[in-house]
Every structure is written in C-alpha cells, then in structure tokens.
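The values are calculated or read from the model by the stated rules, or taken from the named source; none is laboratory data. Model, not experiment: these values are computed from the prediction. Cβ coordinates were reconstructed from backbone atoms using ideal geometry, including for glycine residues, and neighbour counts include every protein chain displayed.
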Amino acid sequence: MLQRLLSTQGPATSLRGILRVLLAAGLVAGRVAAEGPFQLPKEEIRIKEGAGAEQLKSNCLLCHSSEYITTQPVLTRAQWTATVEKMRAKYGAPLVTNSVPVILDYLTRNYGKESPPKR
Ligand code: HEC
C-alpha cells in the first residue's frame with residue numbers, strides 16, 4: 001500500500017501535495033486568526049508522581065500525550081527498554097542520555113513489573 005503510493009507519486013506530485021497542504025494550513029490559520037481569541041483544549045498530563053516523573057514529562061511528552069504511556073499493558077523493564085529505544089531510534093526522540101535509566105526505573109515501578117511472571 002505504502003509502496004504503491006510511493007511508486008505512483010513522482011517528486012513533482014508530492015511537491016504539489018505538500019504545497020496544497022501548506023496552502024490549506026494557511027487558510028485555516030487565517031480563519032482562526034480572523035475569529036479572534038482561540039483556545040486550544042487544555043491538555044492534561046496525568047501520570048503518577050514520583051522519582052523520574054519530571055524526566056518523563058520533559059523527554060516523553062513532546063510528541064504524544066501521557067496516555068500513550070499510561071494505557072499500555074503492564075510491561076516488563078525489558079519491554080519498556082525496547083519501547084524507549086524505539087522512540088529514540090525509530091521516531092527520533094531527543095532523549096537526554098542521563099535521564100533514560102531514571103525513566104526506565106520510573107516506568108517499571110509505576111507502569112510495569114520487574115520481570116515476566118514465572119510459569
Ligand atoms: C520524537 C517524538 C517522540 C518522543 C519524544 C517519544 N515518542 Fe513515544 N511515540 C512516538 C510515535 C511517533 C509513536 C507511535 C504513534 C502511533 O503509532 O500512533 C509513539 C508511541 C509510543 C507508545 C505506544 C506504544 C508503541 O510502542 O508504539 C508508547 C508507550 C510511547 N510512545 C512511549 C514513549 C516514552 C516512554 C517516551 C520517552 C522515553 C516517548 N514515547 C517519547 C513518538 C515519540
């Protein structure tokens with residue numbers, strides 16, 4: 001599906017697509033400005049307090065809401081490590097290196113478990 005999209009769209013088409021999006025965004029922005037004060041819905045950050053919460057807020061909530069984190073199933077430390085590594089490697093999260101272990105401690109303590117259940 002993605003491949004078909006990529007192969008049928010030459011560079012010229014996608015450039016035109018980008019221009020169209022920019023134009024639409026400009027129109028929307030203009031309309032909002034004309035209507036006067038515009039309030040964005042207040043986004044609530046609801047995460048458990050505790051050591052590491054501040055690091056999580058400043059490193060992890062740039063791109064998505066805290067619900068991405070709080071609605072995960074109970075993950076092991078290894079699974080949280082893989083998730084955080086994916087954020088960095090795949091999505092380009094600019095994580096502060098020193099904060100990563102603190103965040104993993106926080107996630108495991110509040111939204112995870114140390115190791116998988118023994119069977
Ligand atoms: C650079 C942007 C960015 C930052 C910073 C970021 N994420 Fe993400 N995150 C994403 C994207 C993109 C997705 C996938 C969104 C989707 O699939 O709808 C995602 C999805 C998730 C998910 C959902 C499950 C999954 O594996 O896709 C979790 C949990 C998550 N992020 C946790 C974190 C944590 C913890 C941090 C901080 C260490 C973090 N994110 C920082 C971009 C980011």
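A quick yes/no check of all residues on (1) free of Cβ contacts under 8 Å to residues at least 12 places away in the same chain; (2) on the phi < 0 side of the Ramachandran plot; (3) more than 8 Å from the ligand (Cβ to nearest atom):
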site: THR70; (1), (2), (3): no, yes, yes
site: TRP80; (1), (2), (3): no, yes, no
site: GLU85; (1), (2), (3): yes, yes, yes
site: ALA89; (1), (2), (3): yes, yes, yes
site: VAL96; (1), (2), (3): no, yes, yes
site: PRO101; (1), (2), (3): yes, yes, yes
site: THR108; (1), (2), (3): no, yes, yes
site: TYR111; (1), (2), (3): no, yes, yes
site: PRO116; (1), (2), (3): no, yes, yes
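Quick check on my filter: what residues within region 53-65 are free of Cβ contacts under 8 Å to residues at least 40 places away in the same chain and within 9 Å of the ligand (Cβ to nearest atom)?
Passing the criteria: LEU61, LEU62, CYS63, HIS64.
Here is a yes/no grid of residues against (1) at pLDDT 95 or above; (2) loosely packed, with under 10 Cβ neighbours inside 10 Å; (3) small (Gly, Ala, Ser):
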{"residue": "GLN9", "(1), (2), (3)": "no, no, no"}
{"residue": "GLY17", "(1), (2), (3)": "no, no, yes"}
{"residue": "ARG20", "(1), (2), (3)": "no, no, no"}
{"residue": "VAL32", "(1), (2), (3)": "no, no, no"}
{"residue": "LYS42", "(1), (2), (3)": "no, yes, no"}
{"residue": "GLN72", "(1), (2), (3)": "yes, no, no"}
{"residue": "PRO94", "(1), (2), (3)": "yes, yes, no"}
